[in-house]
Amino acid sequence: MYIAQNVIHSIIASLIVECAIISWKIKAPPIKQWFRILVIFLPVISFPLYQLISPHRGDPYFRLNSLLDSNRWFFLEIWGGISVLFILIVIILLTSLIFLLQELIPIIADVIRKGPESDENIVIQETDELTELKLSKAFEGLPLERNAVEIIEDNDLTLFSTTGLSPKIYVSTGLINTFNAEHLNVALAHEIAHIKRSRRPILIIAYLFRIIMFFNPVAMFEFRRLAQEEENVCDRMAVMMTGKPNILIEAVDMLRSSSEGGDSEKSKGLDSIISAVENYSHDIQLINRIEKIKNYNQEDTNGWVIPFCLTATFIVLLNYYIV
């Protein structure tokens, strides 16, 4: 019952949230995040909350008067005798498998690979004068010190940050050689935004609920949209820090060009299909970032609390009558 209602409540919540975002013309990525987190948070607690309020909620009498009774259509047969319940089980198993292969195992492998004995991402201890000059120009106007940036030996355009008590930003030699000082400036600002945002870990909290709903395809989809919105939020913060939206657009577009170049060696079979899908998805995300940067001045962040509360209340009330 929990799994079935969790999935159904997620679908309902997702539809209501999308309608709310469109109806109230919510464009700002940080506000969209708060709406989308409802889809991940509410279905986790709704079933035990409803059962606490009404222990007889699952009884036949309540189901007969509900808006939707899952038992009525779970055993409907379609496509030559295949039940709806069987299709739901297959979707749940596939979603769980995707979670295992694409999220859980890569995270564990990444932790192991980047352990104390790992030699990946070798940090360059000494850099030439030209590199230091370019970095010093890139630091201008940013709340960033030189010792917070590490340079790694990598020809790819690589840039990432770590959080914690001593956050670091890692920049590849390929990125430094390809980007000019202004491009580096906005790119570093984007990573500074990630570090600042880590102090309000909305994504970490959302991911904990996402783990609880590892079987839920809607939760998987919504969490990935949350992560995409996080990139848009950091782009907004980078523009506010630097005042260079056009330069940031150029930097993101250069990342697009780099990813389109890809590996010179083409993989075959299933690997090539997976690689093509991943590259296409990454390219779509970068295009989305560029569009958001172009229009960020038009995004209003005021007056969203009442719509948010109304949306959450409507989801809770409606899902109570869906069993």
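A short reminder: the numbers here are calculations on the coordinates, not readings from a lab. It should be emphasised that the depicted structure is a prediction, and the values quoted were computed from it without experimental measurement. In this analysis, Cβ positions are derived from the backbone assuming ideal geometry, glycine residues included, and neighbour counts consider all displayed protein chains.
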*Cα-Cα over 28 Å, subset of Lys32/Lys137; Lys25/Lys168; Lys27/Lys134; Lys27/Lys196*: Lys32/Lys137; Lys25/Lys168; Lys27/Lys134
*Where does helix 305-320 land angle-wise versus the long Cα axis of the chain, in degrees 0 to 90, nearest 10?*
40
_Total charge dipole magnitude, the chain, about the Cα centre, Cβ charges on Lys, Arg, Asp, Glu only, Debye to nearest 20_ = 1600
_Crossing angle, helix 29-53 versus the chain [Cα axis fit, 0-90 degrees, rounded to tens]_ = 30
*Taking 0.36 nm per intervening residue step and subtracting the Cα-Cα distance, what contour gain separates Arg225 from Arg200 on full extension?*
7.2 nm
*Farthest toward positive dipole pole in the range 32-175 [+1 Lys/Arg, -1 Asp/Glu at C-beta], among Ala138, Ile107, Thr158*: Ile107
*May I ask for the Kirkwood hydrodynamic radius of the chain, worked out over all distinct Cα pairs and given in angstroms to one decimal?*
22.5
*Of the DSSP beta bridges with both residues in the chain, give the percent that are antiparallel, rounding to the nearest 5.*
60
_Rounded to the nearest 20 debye, what is the charge dipole size of the range 17-72 about its Cα centre when +1 sits on each Lys and Arg Cβ and -1 on each Asp and Glu Cβ?_
260
*Roughly speaking, what is the stretch gain from Arg63 to Leu208, that is 0.36 nm per residue apart minus the C-alpha to C-alpha distance, in nm to one decimal?*
49.1 nm
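From the C-alpha coordinates alone, can you work out the Kirkwood hydrodynamic radius of the range 1-101, in Å? Can you show the working numbers first?
Details: mean 1/r = 0.0632 Å⁻¹.
For the range 1-101, the Kirkwood estimate is 15.8 Å.
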_Size of charge dipole - the range 155-234 - debye, nearest 20, with Cβ of Lys, Arg +1 and Asp, Glu -1, no other charges_ = 340
_Debye calculation, C-alpha points only, no solvent: report log10 I(q)/I(0) for the range 186-245 at q = 0.14, 0.17, 0.21 Å⁻¹, in the same order as the q values._
-0.45, -0.60, -0.78
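Between Ile284 and Ala181, 0.36 nm times their residue separation minus their Cα-Cα distance comes to what?
Going from the current span to full extension adds 34.4 nm.
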*asked:* With every atom except the alpha carbons ignored, what do you get for Rg and Dmax of the range 1-52, in angstroms?
replied: 12.2, 36
